[in-house]
Amino acid sequence: MAVQTSRGPIRPVTGTHVFRIQHEGIATADAERSKDFYCRVFGFQVLPRPAFTSGGYWLGTPGIFPQIHIIQSQMQPPGAAAPISPLGRHTCFEVVDYDAMKATLEREGIKYVENAQPGGRVQMLCNDPDGNTLEFQPATV
């Protein structure tokens, strides 16, 4: 049975059109360590955060998205020994200066892997201190 597709423009259903990624929530066993990592590697600042019952930080650049929301949690993050891999849950960031991002990882002594995707687009991946995989690609705009 053939599936029929529309020839007209795609019009999202009201409420389902994603405009941007606003933040990425990352569970951690050590909010201070994660804050230090993301501020060093991304150059993020600590942003105002409501007085939640759980500890943590909102990190980013004021007025610019995405942000990283560090959540002190009893949930188990992947762990420091987790493999660096794009095959599991990960967060990808487009960076304006790919070589500068690579230099930052090297300066901070952060292990990373770099490869080319099918079609030739490059990617660089590392893990944060809790084993969450982060991907970096050159900006497309």
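Which residue fluctuates most in the GNM of the chain (Cα springs below 10 Å): GLY63, GLY43, GLY131? Looking only at GLY63, GLY43, GLY131, the biggest GNM fluctuation is shown by GLY63.
Counting pairs of Cα atoms in region 67-141, how many percent are more than 20 Å apart?
It works out to 33 percent of all Cα pairs.
Using Cα springs under 10 Å in a Gaussian network model of the chain, which residue among GLY56, GLY88, GLY25 shows the largest mean-square fluctuation? Sorting by GNM fluctuation, first place goes to GLY88. Each other residue within a Cβ distance under 15 Å of VAL122 adds +1 if Lys or Arg and -1 if Asp or Glu, for a net charge of -3.
Exposed loop sites are taken as chymotrypsin sites (Phe, Trp or Tyr not before Pro) in a DSSP loop (any state but H, G, I, E or B) with at most 16 other beta carbon atoms within 10 Å; the longest stretch of the chain without one runs 53-141.
With both residues required to sit in the chain, DSSP beta bridges show an antiparallel share near 60%.
Remark: the chain carries 66 Å² of accessible area per residue (probe radius 1.4 Å; ligands, DNA and RNA excluded). Calculation over all alpha carbon pairs of the chain in 5 angstrom steps from 0 returns a P(r) of 2, 8, 16, 19, 18, 13, 10, 6, 4, 3, 1, 0 percent. So which trypsin sites (Lys or Arg not before Pro) in region 82-141 pass both tests, a DSSP loop state and at most 13 other Cβ atoms within 10 Å of the Cβ? In loop regions of region 82-141 (DSSP not H, G, I, E or B), the sparsely surrounded trypsin sites (Lys or Arg not before Pro) are ARG89, LYS111, ARG121. On the chain, 57 percent of the accessible area sits on carbon and sulfur atoms, based on a 1.4 Å probe. Full extension of the chain segment joining THR140 with LYS111 gains 8.0 nm, where the gain is 0.36 nm per residue of separation less the Cα-Cα distance.
The values are calculated or read from the model by the stated rules, or taken from the named source; none is laboratory data. If you're wondering where the values come from, they're calculated on a predicted model, not measured in any experiment. Every residue, glycine as well, gets a Cβ built from its backbone with ideal geometry; the counts of neighbours run over all protein chains shown. In case anyone asks, the SASA skips ligands and DNA or RNA and just uses the protein heavy atoms, side chains included. Shrake-Rupley method; radii C 1.70, N 1.55, O 1.52, S 1.80 Å.
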